[in-house]
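Colleague: Before we start, here is the structure in question, set down as structure tokens.
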Amino acid sequence: MQVYLVGGAVRDEQLGVPVTERDWCVVGASPDELVNDGYRQVGKDFPVFLHPESGEEYALARTERKTAAGYHGFAFDTSPHVTIEEDLGRRDFTINALARDADGKLIDPFGGMRDMEKRLIRHVSDAFVEDPVRILRAAKFAARFADLGFRIAPKTRDLMRQMVADGEADALVPDRAWKETETALAGPNPRLYFEALRACRALQVVFPEVDALFGVPQPARWHPEIDAGLHTMMVIEQSETLSDAVEVRFAALVHDLGKGATNPTDLPSHPGHEKRGNTLIRKMAERLPVPRACRDLGLIVAEFHTHCHRALELKDATVVKVLEKTDAFRRPERFEKFLLACEADARGRTGLENRRYEQAAHLRTAFAAASAVDAASIANSNEESQIPEAIRKARVQAVSQVRRAN
């Protein structure tokens, strides 16, 4: 039995970036041998085991053969005769098809080190087309390693386009599609992830609502960049500078979805795009396992971002209404994320990337004043049916006082 460190851990070691997860490949062993040594089997589709002490994943070396469309359409051979080179041959990219043995020797049968030097994300073989998840992974790595100068190899991008054209991308499993997207949103340069998907035409398959934004005009007075799709990419980029929270970045992605469904006769204006966007976000969240936190923040940003932009002009009562509608009093942390997403939207426009967003500070001040209202005292001195309105009036008065003072 031989054990090799494989994949991303070896790649990251060679790149000199922190290794966050280690995967191991076992050659020349059977499941029974590993179980007898104390490993715990967890894999369903193929044997994967957890080390009895470290808890790290150890997988038997395997080859795979395509048997049907989609992610699950593979047959596996995990016999003890499978070599490490054969196991690496089933992997997606050459920079991931690396292994290191117990003596520190590097196994690189497909030129991963050469591609690392050239900063290329290149497929190992034409078997790349057999797994549609690899389209998303290519886009994810393009974003993750962009700061190191990596790019998708032209022939790999061609294969990705061909997979989309052949309908292979239609077989993407929603869980896997969201998992890769969520990782990309949490990582560096999430804008590049969506741009890479669009470049190979996969964006219209995975996120048709986002793809529909490209080519849709907006008023130049407010959006010098004109194109709604480009604006969305700029907003995602701004959201990255403002927050590490996936919810904020997701809200940046979906805040203007309604513009992709605007009646052509209304263009370049987009009346009612806020409500239309909410409908599209809900449909997206039904199609993909979008976490509730992401969905809910996306909904309130889509519906109320224009209110936030006009915060300095709103009446006191309307400001309180926005605080109530966004559930700020019960969910102050989410309200702060709402403000960050709105700021990203305001700054995600050509020439306005570094602008001050006074509206967020204005609403924070108004929220602090409204939150200071003693709701319990008001409740004790009013009839039950009158309590909500009495609290609202007190909050409006508090907001009015602080706004006049400022």
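Read-outs throughout are calculated quantities, based only on the coordinates presented, and are distinct from any laboratory measurement. Please read these numbers as outputs of a predicted model, since none were measured by experiment. FYI the Cβ positions are ideal-geometry reconstructions off the backbone, even for glycines, and counts take in every protein chain you see.
Colleague: Relative to the longest principal axis of the C-alpha atoms of the chain, give the angle of the C-alpha long axis of helix 174-186, reported between 0 and 90° and rounded to the nearest 10°.
Modeller: For 174-186 against the chain, the angle is about 70 degrees.
Colleague: Which of D211, D32, D103 ends up with the largest GNM mean-square fluctuation for the chain, with Cα atoms connected below 10 Å?
Modeller: Among D211, D32, D103, the largest GNM mean-square fluctuation belongs to D103.
Colleague: Compute all pairwise cysteine Cβ distances in the chain, then list the cysteines with no distance under 4.7 Å to another cysteine.
Modeller: C25, C200, C294 - these cysteines have no disulfide-compatible partner (Cβ-Cβ under 4.7 Å) in the chain.
Colleague: May I pose another question? How high is the FRET efficiency from M1 to R114, r the C-beta distance, R0 30 Å, rounded to 0.05?
Modeller: 0.50
Colleague: I need the shape label for the range 1-116. Rule: rounded when a/c is under 1.5, else prolate if a/b > b/c, else oblate, with a, b, c from the alpha carbon gyration tensor.
Modeller: Judged from the Cα gyration tensor, the range 1-116 comes out oblate (a/c at least 1.5, b/c at or above a/b).
Colleague: Which of E286, E168 has the fewest other C-beta atoms within 10 Å, and how do the rest follow up to the most? Walk me through the intermediate numbers first.
Modeller: Values: E286 11, E168 21.
Neighbour counts put them in this order, fewest first: E286, E168.
Colleague: Taking the Cα centre of the chain as origin, sum charge times position over the Cβ atoms of Lys and Arg (+1) and Asp and Glu (-1), and report the length of that vector in debye to the nearest 20.
Modeller: Here the chain has a charge dipole of around 1660 debye.
Colleague: For the chain, find the longest principal axis of its Cα atoms and tell me its angle to the long axis of helix 358-371, 0 to 90°, nearest 10.
Modeller: The angle comes out at about 70 degrees.
Colleague: A further question on this structure: Suppose R0 equals 30 Å; then what is the FRET efficiency for D101 and A75 from their Cβ-Cβ distance, rounded to the nearest 0.05?
Modeller: 0.60
Colleague: How do T232, T78 line up, fewest other C-beta atoms within 10 Å first?
Modeller: T78, T232
Colleague: Which angle between 0 and 90 degrees, to the nearest 10, do you get for helix 292-309 versus the longest principal axis of the chain when only C-alpha atoms count?
Modeller: Computed tilt is about 40 degrees.
Colleague: Any idea how far apart L312 and E53 come out in nm if each label point goes 7 Å out from Cα toward Cβ?
Modeller: Output for this residue pair reads 6.4 nm.
Colleague: Below 26 Å, Cα to Cα, which lysines can K275 reach? Residues fewer than 8 away in the same chain don't count.
Modeller: K259, K283, K315, K321, K325, K337
Colleague: In the chain, what percentage of the DSSP-assigned beta bridges are antiparallel, given to the nearest 5?
Modeller: 75 percent
Colleague: Using alpha-carbon pairs under 8 Å, 6+ residues apart, how would you state the relative contact order of the chain in percent?
Modeller: Numbers: 658 pairs, mean separation 38.8, N = 406.
Answer for the chain is 10 percent.
Colleague: Taking the alpha-carbon distance from K105 and a cut-off under 29 Å, which lysines remain once sequence neighbours fewer than 8 residues away in the same chain are dropped?
Modeller: K118, K140
Colleague: Per residue of the chain, what 222 nm ellipticity follows from adding -39500 (n - 2.57) for every DSSP H run with n ≥ 4, rounded to the nearest 500? All intermediate terms of the calculation are to be shown ahead of the outcome.
Modeller: Values: 19 runs with 203 residues, N = 406.
Roughly -15000 deg cm²/dmol at 222 nm, from the helical runs in the chain.
Colleague: Using only Cα atoms, what is the ratio of the radius of gyration of the range 239-348 to 2.2 N^0.38 Å?
Modeller: Against the compact-globule rule of thumb, the ratio is 1.04.
Colleague: Using Cα pairs closer than 8 Å and at least 6 residues apart in sequence, work out the relative contact order for the range 283-406, in percent.
Modeller: The value is 26 percent.
Colleague: Right, here's the next one. Based only on other Cβ atoms within 10 Å, what is the fewest-to-most ordering of T262, T183, T326?
Modeller: Working: T262 21, T183 17, T326 24.
Fewest-to-most ranking of T262, T183, T326: T183, T262, T326.
Colleague: For the range 142-236, which trypsin sites (Lys or Arg not before Pro) are both in a DSSP coil and crowded by at most 10 other Cβ atoms within 10 Å? All intermediate terms of the calculation are to be shown ahead of the outcome.
Modeller: Values: sites: R144, R151, K155, R157, R161, R176, K179, R191, R198, R201, R221; in loops: R201, R221.
Those satisfying the criteria are R221.
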